[in-house]
Amino acid sequence: MALITITEPQQIAGLLDLVHDWWFDVEKISHDQSTGTATLFFAAKQKELFSSSGKGVVLKINSVRKIEIKDTERVGYYDLNEISYNAASKTLKITGGVPIEINFITDGLNIEASRSDAPQVNQ
């Protein structure tokens, strides 16, 4: 069940309040092109990204056509800084405290945030 469903740009502030400064692994972003769904897991602490029992929040971004990642630092793990949506270009942008920019080019704004356990870690 979703904690928050976002379909309007002004709702993004509530999502940012939920996961600001939480951590994500850029390599774990998934995009199912057949359904247009992208998912991204956030953990309150960086070490929880590596724990199979860590709790977090999963963002399910719907109607994604393409993902563009600008990762100049290549550190792998980033803390979330900002989330914004450009209605004209239908682009959801996520940036990190360590420089990274992820653009989800969509057919419209539709995000579901839900609580979840961390995805299984392969080591």
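For the chain, the relative contact order comes to 33 percent (Cα pairs under 8 Å, sequence separation of at least 6).
Tell me the mean residue ellipticity at 222 nm calculated for the chain from its helices only (DSSP H runs of n ≥ 4, each -39500 (n - 2.57), averaged over every residue, nearest 500). Spell out each step's value before the answer.
Numbers: 1 runs with 8 residues, N = 123.
The helix-only estimate for the chain comes to -1500 deg cm²/dmol at 222 nm.
Rounded to the nearest Hz, the phi-derived 3J(HN,Hα) couplings of the stretch 21-35 under the Karplus curve 6.51 cos²θ - 1.76 cosθ + 1.60 (θ = phi - 60°) are 6, 7, 9, 9, 9, 4, 6, 9, 5, 10, 9, 8, 5, 5, 9, where x marks glycine and proline. Couplings for the stretch 83-98, taken from phi via the Karplus curve 6.51 cos²θ - 1.76 cosθ + 1.60 with θ = phi - 60°, read 10, 9, 9, 9, 5, 5, 9, 6, 10, 8, 10, 10, 10, x, x, 7 Hz in order; Gly and Pro are left as x. Put simply, the amide H of residue 66, placed in the peptide plane, has neighbours under 5 Å in 105, leaving out anything fewer than 5 places away on its chain. Can you list the aspartates and glutamates whose alpha carbon is less than 17 Å from that of residue 28, not counting same-chain residues fewer than 8 positions off? Within the straight-line limit of under 17 Å, residue 28 reaches these aspartates and glutamates: 48, 68, 71, 73, 79, 101, 117. Each of residue 35 and residue 114 was given a label point 7 Å from its Cα along the Cα-to-Cβ line. The distance between the two points is 0.9 nm.
Any read-out appearing in this document is the output of simple, stated calculations on the displayed coordinates, not a laboratory observation. Keep in mind the model is a prediction, meaning the values are calculated, not measured. In this analysis, Cβ positions are derived from the backbone assuming ideal geometry, glycine residues included, and neighbour counts consider all displayed protein chains.
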